[in-house]
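Okay, structure first, notes after.
The values are calculated or read from the model by the stated rules, or taken from the named source; none is laboratory data. Just so you know, these numbers come straight off a predicted model, no measurement behind them. Quick reminder, even Gly has a Cβ in these numbers, built from the backbone with ideal geometry, and neighbours come from all protein chains shown.
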Amino acid sequence: MIEQRRPNGSLRHLITLEDLRRDEIEALLQRAQHYARGVGQAPPGSERLRGVTIANLFTEPSTRTRVSFELAGRRLGAEVVNIEVQLSSRAKGESMLDTIYTLQALHFAVLVIRDAEPGVLAHVAAHVAAHVSVLSAGEAHLSHPTQGLLDALTVRQHKGSIAAQCIAIVGDIRHSRVARSAYQVFRALEARSLRLIGPPTLMPPAHEFPGCERFDTLEEGLAGVDVVMMLRIQKERIAQSDIPDTEEYFARYGLTAARLARAHPGAIVMHPQPMNRGVEIASDVADGPQSVIREQVSNGVAVRMAVLEAVAGNMAA
Ligand code: ASP
């Protein structure tokens, strides 16, 4: 695993939450809470990153993550440039590292990268100059650290201490980077219990997610939970023949109001989006009173501000 900290212990890269200590996570969440505002409200601006240039380099589709990294950088006074990868030199056959060295020569100090290939983020981080930070905006099925942090922030805002919560992660856990980062952050914050619910074909291998209880029906798995985290079937990471039929999937694993009634009455419903209404979640649940899905989106900006500030706050002009 790549060293994510500088020799003085400060955070330089954020590629995974796997080795983050509880106090480091708490500090990021506390700072994110400082920036967090209600749905539709802009976080307070600052000049903390004046003079810092950030590149958004996304080689897989993204709406929320790319836009919220961009807004987060701008709210902190940084310059943010979106690099359209299909227009960049990578499309002309140039290697990822050559693209990265070009950006480095152009004074980019933070590279926000989403890529479908496992290991690309660590590879880039191992090769960039000392003043450059690499932040993951989603790596293959492996990791989506800022999503994990915004999920933890959202649970905390509604429920208080994570340590008191029973959290269920539901759906295509096997191919989900959101599930892996959520697991890592909730484990680090010592959630009372973590449950995985999904069809056997979409469950992760036995050695992954140690310490979680596993269920193959929502009826059983949702009983008494405080947090229900729904996932999209990651069609782009599954062979066509293994993708479940959507109607059958909804019939067995879709979150309906009746199934949600099995959870604790105050349970919250989360989804990282994009959502497939009528596949993993019923529309009335997605838009219902227990849904915090829009709050997750606005917390994304606050969390990304906290992370950008942590890695680049000392570089500002
Ligand atoms: N937006 C999330 C991700 O990038 C979840 C998803 O795509 O299903 O992983």
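Looking at the stretch 185-204, can you tell me whether even one residue there is assigned to a helix (DSSP H, G or I), buried (at least 24 other Cβ atoms within 10 Å of the Cβ) and either touching a helix residue (DSSP H, G or I) at 6+ places or on another chain (Cβ under 8 Å) or aromatic (Phe, Trp, Tyr) (or both)? Yes, the stretch 185-204 contains at least one residue that is assigned to a helix (DSSP H, G or I), buried (at least 24 other Cβ atoms within 10 Å of the Cβ) and either touching a helix residue (DSSP H, G or I) at 6+ places or on another chain (Cβ under 8 Å) or aromatic (Phe, Trp, Tyr) (or both). For first residues located in the stretch 222-248 and free of Cβ contacts under 8 Å to residues at least 60 places away in the same chain, partners that are assigned to a helix (DSSP H, G or I) and lie 6+ apart or on another chain with Cβ distances below 8 Å form the pairs 222/259; 222/260; 242/201; 243/235; 244/201; 244/202. Restricting the stretch 234-252 to residues that are more than 16 Å from the chain's Cα centre (by Cα) and part of a loop (DSSP other than H, G, I, E, B), which is nearest to the ligand (Cβ to nearest atom)? Ranking the candidates gives 238 first. Residues that are away from the ligand (no atom under 16 Å from the Cβ) and in contact (Cβ under 8 Å) with a residue 60 or more places away in the chain were ranked within the stretch 122-152; the one that is farthest from residue 189 (Cα to Cα) is 131.
For every residue, the table says whether it meets (1) within 18 Å of residue 145 (Cα to Cα); (2) surrounded by fewer than 14 Cβ atoms within 10 Å (Cβ to Cβ); (3) more than 19 Å from the chain's Cα centre (by Cα).
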residue: 21; (1), (2), (3): yes, yes, no
residue: 24; (1), (2), (3): yes, no, no
residue: 28; (1), (2), (3): yes, no, no
residue: 42; (1), (2), (3): no, yes, yes
residue: 51; (1), (2), (3): no, no, yes
residue: 76; (1), (2), (3): no, no, yes
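Scanning the stretch 265-289 for residues that are surrounded by 17 or more Cβ atoms within 10 Å (Cβ to Cβ) and more than 16 Å from the ligand (Cβ to nearest atom), we see that the one that is nearest to residue 243 (Cα to Cα) is 282.
Only one entry of 53, 65 meets the criterion of being in contact with an Asp or Glu (Cβ under 6 Å, 6 or more places away or on another chain) and modelled with pLDDT of 90 or more, and that entry is 53. The residues of the stretch 119-167 that are among the aliphatic types (A, V, I, L, M), under 18 Å from residue 29 (Cα atoms) and not in a helix (DSSP H, G or I), listed by number, are 135, 137. Among residues of the stretch 1-29 that are in the same structural domain as residue 110 (by TED's automatic domain parsing), those with a Cβ under 7 angstrom from a residue that is charged (D, E, K, R) and outside any loop (DSSP other than H, G, I, E, B), sequence gap 6+ or separate chain, pair up as 29/156.
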